[in-house]
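Below: one structure in structure tokens.
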Amino acid sequence: MTAFTYKNGELHAEDIALSAIAADVGTPTYVYSVAAMTEAYQRFVEAFAGQRAQVCYAMKANSNLAVLRTFADLGAGADVVSDGELARALAAGIPATRIVYSGVGKTRAELAAGINAGILQFNVESLPELAALSEVAVSKSAEVEIAIRVNPDVDASTHHKISTGRKEDKFGIDIAQAGEAFAFAASLPGVTPVSIAVHIGSQLTDIQPFRTAFGHVAELTRQLRADGVAISRLDLGGGLGIAYDGEDVPTPAEYAAMVADTVGDLDCDLIFEPGRYLTGHAGVLLTRIIFVKNTGERRFVIVDAAMNDLMRPALYGAAHAIQQVREPASGATLREAGATLREADIVGPVCETGDTFATAHALRDLPAGELLVIRDTGAYGAVMSSGYNSRPLVPEVLVNGGDYAVVRPRETLEQQLDRERFASWQSQERTGQS
Ligand code: LLP
């Protein structure tokens with residue numbers, strides 16, 4: 001991805017110098033590139049040119065309205081998992097007919113909202129959900145199309161916290177019991193089973209688990225058709241991994257070829273729910289060094305971003321490349337060996353040792369005030385942030401060529417305090433100078 005490159009000695013997002021964004025909106029801030037998102041989307045779609053495929057962007061990866069509108073304009077649908085996501089997708093102009101609803105615990109209110117919106121399909125994950133959906137649909141005199149999400153018991157060989165297709169995981173219905181689930185669905189009013197859904201995990205760097213899972217889905221499709229269930233659509237989920245650290249990852253073309261191999265002869269419409277692939281490389285977290293602290297034992301570079309802004313390192317031990325905004329004298333990364341490099345831990349200000357972005361990072365001697373970026377944070381970055389340590393939610397900036405826009409302003413302390421109330425038995429007066 002070429003959206004973040006050095007030009008005139010400075011890292012740019014497309015044609016905008018990141019230092020200019022830092023000067024304008026402050027740090028930390030997320031910065032996204034429209035060009036990078038567009039390129040990823042088109043690469044994915046073009047790989048499926050010969051197949052009847054619809055991308056339903058897994059918006060949990062990055063649900064900023066302006067990001068959603070970017071994908072809506074490109075023709076994407078959405079995979080939603082909550083009332084909030086549904087509302088955002090609709091607000092951003094994603095047509096309901098391109099929305100699928102995933103999730104293991106949809107409430108009746110959420111099911112009702114999906115029905116009211118007229119979404120394409122619900123991916124049902126349990127028999128109780130099937131019964132609830134039927135009830136809600138009947139109460140609205142609606143007939144909704146559903147997929148049964150199956151659990152194929154395939155190990156995705158990814159981080160265990162984001163592996164979703166093993167028997168012990170909470171997701172889907174055991175593929176061995178799918179026949180009964182479809183029979184139950186067929187017996188219920190208000191729901192029409194037309195589809196099988198599967199999603200075995202996220203950040204898959206090996207194509208083989210997909211192949212195995214989709215092979216099982218193909219087999220199930222044939223069985224169900226033989227039993228008279230008219231399966232016309234397969235939702236093959238998301239999960240395609242990206243290279244965070246030079247890993248070898250499957251290309252969309254390789255992934256699409258494997259899809260054609262496994263389910264291509266079934267004459268089904270295909271849905272894909274990529275999240276990370278579409279936005280991961282398209283974002284950076286821009287941060288400034290507050291202090292450099294030498295303890296004798298170690299050298300700590302303390303930056304103004306923290307684990308509450310980007311949880312992935314603390315939560316999954318994820319490694320994100322870190323780069324300086326001022327172009328280093330030679331080479332583009334801080335990792336290369338060289339006389340001027342010293343090892344440092346790059347850490348945030350939050351009061352936990354887990355608030356560490358990199359350990360023993362080969363870093364040039366950088367003074368306080370220097371800007372850094374944490375790369376590949378366009379997916380599962382801002383969406384997973386919190387206000388821990390009463391740190392305001394950071395801004396999001398969208399860059400498009402030589403234009404940029406603040407698409408989420410920095411939260412103010414006033415907004416933070418205004419969300420809360422004193423209890424009725426307490427003095428209502430807010431003191432201090434907030
Ligand atoms: N479809 C379903 C049903 C999912 O559960 C997910 C992700 C996706 C699609 C999109 O997967 P992707 O293409 O992005 O791999 N917070 C974690 C990732 C959690 C993914 C959860 N489900 C992280 O930061 O790595």
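The values are calculated or read from the model by the stated rules, or taken from the named source; none is laboratory data. Note that the structure is a prediction, hence the values are computed from the model and not measured. Note that each Cβ is placed from the backbone with ideal geometry, even for glycine, and that neighbours are counted across all protein chains shown. To get the accessible areas, we keep the full protein, side chains included, count just its heavy atoms, and leave off ligands, DNA and RNA. Shrake-Rupley method; radii C 1.70, N 1.55, O 1.52, S 1.80 Å.
Scan segment 232-243 and tell me whether some residue there is more than 17 Å from the chain's Cα centre (by Cα) and surrounded by fewer than 23 Cβ atoms within 10 Å (Cβ to Cβ).
We begin by selecting, within segment 232-243, every residue more than 17 Å from the chain's Cα centre (by Cα); these are 232-235.
Remaining after also requiring surrounded by fewer than 23 Cβ atoms within 10 Å (Cβ to Cβ): 232-233.
The answer is yes; a qualifying residue exists.
When you scan segment 29-84 for strands (runs of 3 or more DSSP E) that lie fully inside it, which ones turn up with 1 or more residues that are under 27 Å from Leu111 (Cα atoms) and touching a Phe, Trp or Tyr at 6+ places or on another chain (Cβ under 9 Å)? Walk me through how you get there before you give the answer.
Numbers: elements: 29-33, 53-58, 77-80.
Result: 53-58, 77-80.
Only one residue in Ala197, Ala256, Ala226 is more than 16 Å from the ligand (Cβ to nearest atom) and either at pLDDT 95 or above or within 22 Å of the chain's Cα centre (by Cα) (or both). Which one? If you could, list the steps in order and put the result at the bottom.
Numbers: Ala197 fails: more than 16 Å from the ligand (Cβ to nearest atom); Ala256 fails: more than 16 Å from the ligand (Cβ to nearest atom).
On inspection, the qualifying residue turns out to be Ala226.
For segment 373-406, what are the residues that are part of a strand (DSSP E or B), open to solvent by less than 60 Å² (accessible area, probe 1.4 Å) and out of contact with any His (no Cβ under 6 Å at 6 or more places or on another chain)? Show your work before the answer.
To start, the set of residues in segment 373-406 that are part of a strand (DSSP E or B) comprises 373-374, 396-400, 403-406.
With open to solvent by less than 60 Å² (accessible area, probe 1.4 Å) added as a condition, the list becomes 373-374, 396-399, 405.
Those that are part of a strand (DSSP E or B), open to solvent by less than 60 Å² (accessible area, probe 1.4 Å) and out of contact with any His (no Cβ under 6 Å at 6 or more places or on another chain): Val373, Glu396, Val397, Leu398, Val399, Ala405.
I want to confirm something. Restricting to segment 150-171 and keeping residues that are free of Cβ contacts under 8 Å to residues at least 60 places away in the same chain and within 13 Å of the ligand (Cβ to nearest atom), which single residue is most open to solvent (accessible area, probe 1.4 Å)? Write out each step before concluding.
Within segment 150-171, the first condition is being free of Cβ contacts under 8 Å to residues at least 60 places away in the same chain, and the residues that meet it are 151, 153, 155, 157, 160, 163-169.
If we keep only those that are within 13 Å of the ligand (Cβ to nearest atom) too, we end up with 151, 160, 163-165, 169.
Values: Asn151: 10, His160: 118, Ser163: 6, Thr164: 18, Gly165: 0, Asp169: 26 Å².
The extreme case among them is His160.
Residues Glu85, Glu143: which one is among the acidic types (Asp, Glu) and within 14 Å of the ligand (Cβ to nearest atom)? Write out each step before concluding.
Numbers: Glu143 fails: within 14 Å of the ligand (Cβ to nearest atom).
Unique residue meeting the criteria: Glu85.
Related question: Looking only at segment 17-47, count every residue that is touching a helix residue (DSSP H, G or I) at 6+ places or on another chain (Cβ under 7 Å) and open to solvent by less than 10 Å² (accessible area, probe 1.4 Å) and tell me the total.
Narrowing segment 17-47 to residues touching a helix residue (DSSP H, G or I) at 6+ places or on another chain (Cβ under 7 Å): 29-34, 36-38, 40-41, 43-44, 47.
Add one more test, that the residue is open to solvent by less than 10 Å² (accessible area, probe 1.4 Å), and what stays is 29-33, 36-37, 40, 44.
So the answer is 9.
Hey, another quick one. Just to be sure I understand, how many residues within segment 152-204 are on the phi > 0 side of the Ramachandran plot and of a type in the set (D, E, K, R)? Steps first, answer last, please.
Restricting attention to segment 152-204, the residues satisfying the condition of being on the phi > 0 side of the Ramachandran plot are 153, 157, 172, 190, 201, 203.
The next check asks that each one be of a type in the set (D, E, K, R); those that pass are 153.
Final tally of qualifying residues: 1.
Further question: Look at Ala109 and say whether it is open to solvent by less than 10 Å² (accessible area, probe 1.4 Å), assigned to a helix (DSSP H, G or I) and out of contact with any Cys (no Cβ under 8 Å at 6 or more places or on another chain). Quick ask: steps written out before the conclusion?
Numbers: open to solvent by less than 10 Å² (accessible area, probe 1.4 Å): no; assigned to a helix (DSSP H, G or I): yes; out of contact with any Cys (no Cβ under 8 Å at 6 or more places or on another chain): yes.
Answer is no for this residue.
When segment 265-317 is examined, which residues are found to be open to solvent by less than 20 Å² (accessible area, probe 1.4 Å), more than 17 Å from the chain's Cα centre (by Cα) and of a type outside the set (A, V, I, L, M)?
Within segment 265-317, Cys268, Thr287, Arg299 meet the criteria.
Provide a single number: the residues in segment 363-372 that are part of a strand (DSSP E or B) and at pLDDT 85 or above. It would help to see each step written out before you state the result.
To start, the set of residues in segment 363-372 that are part of a strand (DSSP E or B) comprises 363-364, 371-372.
Checking which are at pLDDT 85 or above leaves us with 371-372.
Qualifying residue count, segment 363-372: 2.
Anything in segment 208-223 that is over 20 Å from Ser102 (Cα atoms) and either outside the structural domain of Gly103 (by TED's automatic domain parsing) or within 14 Å of the ligand (Cβ to nearest atom) (or both)? List them, or say none.
The answer is Pro209, and nothing else.
Name, by its number, the condition in (1) modelled with pLDDT of 95 or more; (2) of a type outside the set (Phe, Trp, Tyr); (3) within 26 Å of Gly26 (Cα to Cα); (4) open to solvent by 60 Å² or more (accessible area, probe 1.4 Å) that does not hold for His320.
With (1) modelled with pLDDT of 95 or more; (2) of a type outside the set (Phe, Trp, Tyr); (3) within 26 Å of Gly26 (Cα to Cα); (4) open to solvent by 60 Å² or more (accessible area, probe 1.4 Å) applied to His320, the lone miss is (4).
Would you check which residues across segment 50-82 are of a type in the set (Ser, Thr, Tyr) and more than 16 Å from the ligand (Cβ to nearest atom) and list them? Outline the logic, then answer.
From segment 50-82, those of a type in the set (Ser, Thr, Tyr) are 57, 63, 70, 82; that's our starting set.
Matches in segment 50-82: Thr70 only.
Right, another one. Answer yes or no: is there a residue in segment 173-190 that is closer than 30 Å to Tyr316 by Cα, open to solvent by 10 Å² or more (accessible area, probe 1.4 Å), within 12 Å of the ligand (Cβ to nearest atom) and within 29 Å of the chain's Cα centre (by Cα). First the steps, then the outcome.
So in segment 173-190, the residues closer than 30 Å to Tyr316 by Cα come out as 173-175.
Add one more test, that the residue is open to solvent by 10 Å² or more (accessible area, probe 1.4 Å), and what stays is 173-175.
Next, from what is left, pick out any that are within 12 Å of the ligand (Cβ to nearest atom): none.
Looking through segment 173-190, none of the residues is closer than 30 Å to Tyr316 by Cα, open to solvent by 10 Å² or more (accessible area, probe 1.4 Å), within 12 Å of the ligand (Cβ to nearest atom) and within 29 Å of the chain's Cα centre (by Cα).
Being of a type outside the set (Gly, Ala, Ser), modelled with pLDDT of 95 or more and surrounded by fewer than 15 Cβ atoms within 10 Å (Cβ to Cβ) narrows it down to one of Asp73, Asp79, so name that one. Give the steps one after another, and end with the answer.
On the way: Asp79 fails: surrounded by fewer than 15 Cβ atoms within 10 Å (Cβ to Cβ).
Residue meeting the stated conditions: Asp73.
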